[in-house]
Amino acid sequence: GESVGLHLPTLSVQEGDNSIINCAYSNSASDYFIWYKQESGKGPQFIIDIRSNMDKRQGQRVTVLLNKTVKHLSLQIAATQPGDSAVYFCAENMDSNYQLIWGAGTKLIIKP
Amino acid sequence: DAGVIQSPRHEVTEMGQEVTLRCKPISGHNSLFWYRQTMMRGLELLIYFNNNVPIDDSGMPEDRFSAKMPNASFSTLKIQPSEPRDSAVYFCASSRGDEQFFGPGTRLTVL
């Protein structure tokens, strides 16, 4: 079946460096993509989203890139901080019922 | 706004007992989702409601699981009888568009 998947289960980054978390999706009909951050002991929290008519969107220290040609989504975090340590999930929306299809998650570890 | 509220935050019960998890969505949100999260299976959608009506319950594991949404401000997820493999963190989320807002979760342990 079609699903969202993540390339790397764990990513270690030096504090202050930039992080890039990748995600692949298989459904070319998906028109909405979203990144969530989940800290230990908490529920997932929205970070940033992007629609399929865009290829880049920027937030505060975060940028999401969408490459529809290769069905690839990435989350870039600039100048990572200890508070960025979490599991990051990508998700896609394939219909109009707001049901999200979730990836497996990538654990981001910030090294001091 | 207080956000999505879930209770209890932690539940420890014995196999065979009935478990009821509760959720209060954010006021004004018309969609509500129940998820289960485990290390082995990750985040799984169990069921979601739109305007208090169950739209898709294909993620509900088996007949032991049931969910209700009697009104726009309250939903329950019931497991009866509970089994050790039901141990997980159960999240409720609500939305009125694409972004889903998650509650803090209920950590369920079935002994």
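Here, each number is a calculation from the coordinates, and none is a lab measurement. Everything numeric here is computed off the predicted structure, so don't read it as measured data. Because the Cβ atoms are built from the backbone with ideal geometry, glycine has one as well, and the counts that use them run over all protein chains shown.
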Next on the checklist: Within a 10 angstrom radius of the beta carbon, how do B:Glu14, B:Glu44, B:Glu62 rank from fewest other beta carbons to most?
Outcome noted: B:Glu62, B:Glu14, B:Glu44
Checklist outcome for this item: Sorted by chain and then number, the residues having a modelled amide H within less than 5 Å of the amide H of A:Leu11, at least 5 places away or on another chain, are A:Lys107, A:Leu108, A:Ile109
Checklist entry - What share of all Cα pairs of the protein assembly as shown, in percent, falls into each consecutive 10 Å distance bin? => result 8, 33, 34, 20, 5, 0
Checklist entry - Pulled fully out, how much extra length does the chain show between B:Glu83 and B:Glu18, if you take 0.36 nm times their separation in residues and subtract their Cα-Cα distance? => result 22.4 nm
Item to check | Estimated Rh, chain B: Kirkwood, alpha-carbon pairs, angstrom | outcome: 13.8 Å
Checklist entry - Using Cα-only point scatterers and the Debye equation, what is log10 of I(q)/I(0) for chain A at each q in 0.11, 0.14, 0.18 Å⁻¹, rounded to two decimals? => result -0.32, -0.51, -0.84
Checklist entry - In which sequence would B:Met69, B:Met39 go, from the one with the fewest C-beta neighbours within 10 Å to the one with the most? => result B:Met39, B:Met69
Next on the checklist: Taking only the Cα atoms of the stretch A:70-112, how large is their convex hull per residue, in Å³?
Outcome noted: 102 Å³
Item to check | When each of A:Lys37/A:Lys68; A:Lys37/A:Lys107; A:Lys42/A:Lys71; A:Lys37/B:Lys24; B:Lys24/B:Lys68 is checked by Cα-Cα distance, pairs over 19 Å | outcome: A:Lys37/A:Lys68; A:Lys42/A:Lys71; A:Lys37/B:Lys24
Checklist outcome for this item: From fewest to most C-beta neighbours within 10 Å, the residues A:Phe46, B:Phe101 line up as A:Phe46, B:Phe101
Item to check | Exercise: per-residue mean of other protein chain Cβ atoms within 10 Å, B:87-100 | outcome: 3
Checklist outcome for this item: A:Glu15 neighbourhood, Cβ < 13 Å, K/R = +1, D/E = -1, net charge -1
Item to check | Per-residue average of Cβ from other chains inside 10 Å of B:39-46 | outcome: 3
Item to check | Of all DSSP beta bridges in chain B, antiparallel share, percent nearest 5 | outcome: 90 percent
Item to check | Between the stretch A:71-86 and the stretch B:15-44, the Cα center-to-center distance that results, in Å | outcome: 27 Å
Checklist outcome for this item: Partner shielding of A:85-93, taken as the mean number of other chain Cβ atoms within 10 Å, equals 1
Next on the checklist: Could you give each residue of the stretch A:69-85 its phi-based ³J(HN,Hα) in whole Hz, using Karplus coefficients 6.51, -1.76, 1.60 with θ = phi - 60°, and x for Gly or Pro?
Outcome noted: 5, 10, 6, 10, 10, 9, 10, 10, 10, 8, 6, 4, 10, x, x, 7, 4
